[in-house]
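*Asks:* Below is a structure I'd like to ask you about.
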Amino acid sequence: MKKTIRDFDLTDKKVIIRCDFNVPIKDGEIVDDNRIVQSLLTINYAIDQGARVILMSHLGRIKEEEDKAKNSLEVIVPRLSNYLGTDVKFSHATRGPELENLINSLGQGDVLLMENTRFEDVPGKKESGNDEELGAYWASLGDIFINDAFGTAHRAHASNVGIASHLPSGLGFLVEKEVNALSVLVDPVHPFVVILGGSKVSDKIGVIENLVKKADKILIGGGMAYTFLKAKGINIGKSILDEENIGFCQKVLSEYPDKIVLPVDNLVTEEYSNDVPYHTCDVENIGENEMGLDIGEKTVELFSSILDTAKIVFWNGPLGVYEFSNFTKGTERLLDKLVNINATTILGGGDIVAASAELGYKDKVTHASTGGGVTLEFMEGKELPGVVSISDK
Ligand code: AMP
């Protein structure tokens, strides 16, 4: 068992909390602040305990000096201050006197946010490469380390594994909740049904290979389904195809013919657009100039009948181009089914969670994971360095 934030006396301690403030930003504005909201429980707890709180996070990818200007974490200070009801201080520096003086000036319950940890990636990839000196330096700034960044827990970076290897450490509430909720998928009860959608097979090969062994049924929809249909010799017209992975799909279909369930009908159109006519047809009847952008009614019925038997369901990836209102229906109908069955229901990965929030189902499932890649790796049974590196109880 790993220690959690509850296992420490935080009063007057300098507590470094690694958060995930990697929020989408467009034209300098925060588009979706869910990740900030999700981090509040842990930060508020530390404030209430009288800690001197030092927050760290990455934002975006920093490959060269020019990437820094548009990825400064300063953008989140007003929003975070507002949510916490306190003025969050900000250090533009990720090391040196400015940062150290600000930390030394913190009183009990004060909060400091340090600039984007990935600014240390230029030069030398020190953050992403888990540079020993950097992890030790950041650890020297605090007394206790709390990892509450689930989105990066599958990576060994200086700001998680590096710091944790030099300080007493614990999990924050968000990481604890994710690990607890997702651990039912590592050795699931049966029948275990998986729904996989999204655009590309290539992104999900590891998940398919792992889940096909554990799951009783894998229902495949979305763009991914067309590479599987092609692998069965069906003409998919202009539908999205992951040519390189046709062989992989053929192999999975031949090894597990009873587990993989593919769409039987779909909504097709001649252009990737919401503004052109569309109609439903069986998958065998897709025209040369047509592409499938959503599952059809017969497929909804087929998938629903399998969900009726499930004890646990994991869903990653939307079943159609849900960003277009004409092609949201399949995802919406299955979400509606999901919240009305007697099973543990888990959504994993950004797009299906975003779709479920937009369609009003997110709060009705057992767990909607905040992680993307990390959720899939955890399910594959891989150890998460950001969790493994935390002190044992
Ligand atoms: P992923 O990130 O792999 O979960 O993929 C999500 C994306 O898959 C969304 O942007 C959907 O629009 C897209 N998608 C779902 N179904 C289809 C489809 N039939 N054709 C093309 N893209 C799709």
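The values are calculated or read from the model by the stated rules, or taken from the named source; none is laboratory data. Keep in mind it's a predicted model, so treat the numbers as computed, not measured. Cβ: placed from backbone, ideal geometry, glycine included. Neighbour counts: every protein chain shown. Just so you know, the surface numbers come from the protein's heavy atoms only, side chains and all, with ligands and any DNA or RNA stripped out. Shrake-Rupley method; radii C 1.70, N 1.55, O 1.52, S 1.80 Å.
*Asks:* Once label points are set 7 Å from the Cα along Cα→Cβ at both residue 30 and residue 100, what is their separation, rounded to one decimal in nm?
*Replies:* Distance between the two pseudo-spin positions: 3.1 nm.
*Asks:* Then there's this: Scale the Cα Rg of the stretch 118-267 by the rule-of-thumb value 2.2 N^0.38 Å and send over the ratio, two decimals.
*Replies:* Dividing the Cα Rg of the stretch 118-267 by 2.2 N^0.38 Å gives 1.42.
*Asks:* Quick one: Debye curve from the C-alpha atoms of the stretch 5-174, no solvent, what's log10 I(q)/I(0) at q = 0.21 Å⁻¹?
*Replies:* For the stretch 5-174 at q = 0.21 Å⁻¹, log10 I(q)/I(0) is -1.63.
*Asks:* Something else about it: The stretch 271-316 to the stretch 13-50: how many Å between their Cα centroids?
*Replies:* 38
*Asks:* With every protein chain left in place, what is the accessible area per residue of the stretch 182-379 in square angstrom, probe 1.4 Å?
*Replies:* Ligands and nucleic acids excluded, the figure is 41 Å² per residue.
*Asks:* Also, I was wondering about something else. For a bin width of 10 Å, list the pair-distance distribution of the stretch 276-330 built from all Cα-Cα distances, rounded to whole %.
*Replies:* Binned Cα distances yield the sequence 20, 48, 26, 6, 0.
*Asks:* For the chain, what is the convex hull volume of the alpha-carbon atoms per residue, in Å³?
*Replies:* Measuring per residue, one finds 146 Å³ for the Cα hull of the chain.
*Asks:* Taking every pair of alpha-carbon atoms in the stretch 243-393, what share in percent sits in each 5 Å bin, from 0 to the bin with the longest distance?
*Replies:* Reading upward from the zero bin: 2, 8, 14, 16, 20, 17, 12, 6, 3, 1, 1, 0, 0.
*Asks:* Ok, one more. Whole percent per 5 Å bin, from 0 to the bin with the longest distance: what is P(r) over all C-alpha pairs of the stretch 1-89?
*Replies:* Taking all Cα pairs of the stretch 1-89, the binned fractions are 3, 13, 23, 23, 16, 11, 8, 4, 0 percent.
*Asks:* Separate question: Applying a 10 Å radius around every beta-carbon, put 361-372, 155-166 in order of their mean neighbour count, most first.
*Replies:* Order by mean packing, descending: 155-166, 361-372.
*Asks:* Right, something else. Can you compute 3J(HN,Hα) from phi for each residue in the stretch 330-342, using the Karplus curve 6.51 cos²θ - 1.76 cosθ + 1.60 with θ = phi - 60°, rounded to whole Hz and x for Gly and Pro?
*Replies:* Each residue's phi maps through the Karplus curve to give x, 4, 5, 4, 6, 4, 5, 5, 4, 7, 10, 10, 9 Hz.
*Asks:* Provide the per residue accessible area, probe 1.4 Å, for the stretch 5-174, rounded to a whole number of square angstrom. Kindly include the intermediate steps, with their values, before the conclusion.
*Replies:* Details: 6910 Å² over 170 residues.
Per-residue accessible area for the stretch 5-174 comes out at 41 Å².
*Asks:* With the full set of protein chains in place, find how many percent of the accessible area of the chain is carbon and sulfur; take the probe as 1.4 Å.
*Replies:* Answer for the chain: carbon and sulfur cover 47 percent of the accessible area.
*Asks:* Considering only DSSP states other than H, G, I, E and B, which trypsin sites (Lys or Arg not before Pro) in the stretch 36-143 qualify as loop sites with at most 12 other Cβ atoms within 10 Å?
*Replies:* Those that pass, being in a loop and sparsely packed, are 61, 63.
*Asks:* Give me, ordered by chain and number, the residues 5 or more places off residue 197 or on other chains with an amide H under 5 Å from its own placed amide H.
*Replies:* 221, 316, 317
*Asks:* Using only helices, what value at 222 nm comes out for the chain when you add -39,500 (n - 2.57) per DSSP H run of length 4 or more and divide by the total residues, to the nearest 500 deg cm²/dmol? The partial results should precede the final answer.
*Replies:* Numbers: 13 runs with 119 residues, N = 393.
After summing the helix terms and dividing by the residues of the chain, the value is -8500 deg cm²/dmol.
*Asks:* Suppose every Lys and Arg Cβ carries +1 and every Asp and Glu Cβ carries -1, with no other charges. What dipole size does the chain come out with about its Cα centre, to the nearest 20 debye?
*Replies:* In debye, rounded to 20, the chain gives about 960.
*Asks:* Just the Kirkwood number for the stretch 113-154, please: inverse of mean 1/r across all distinct Cα pairs, in Å, one decimal.
*Replies:* This gives a value of 11.4 Å.
*Asks:* I would also like to ask the following. When Lys and Arg each count +1 and Asp and Glu each count -1, what net charge do the other residues less than 14 Å away from residue 52, Cβ to Cβ, add up to?
*Replies:* Summing Lys/Arg as +1 and Asp/Glu as -1 gives -3.
*Asks:* Name the residue from 335, 285, 256 whose Cα lies farthest towards the positive end of the charge dipole of the chain, charges +1 on Cβ of Lys and Arg and -1 on Cβ of Asp and Glu.
*Replies:* 256
*Asks:* Want the number for residue 37 to residue 264: 0.36 nm per residue separation, take away the alpha-carbon distance, what's left?
*Replies:* Details: separation 227, 0.36 × 227 = 81.72 nm, distance 4.02 nm.
Extra length available between residue 37 and residue 264 comes to 77.7 nm.
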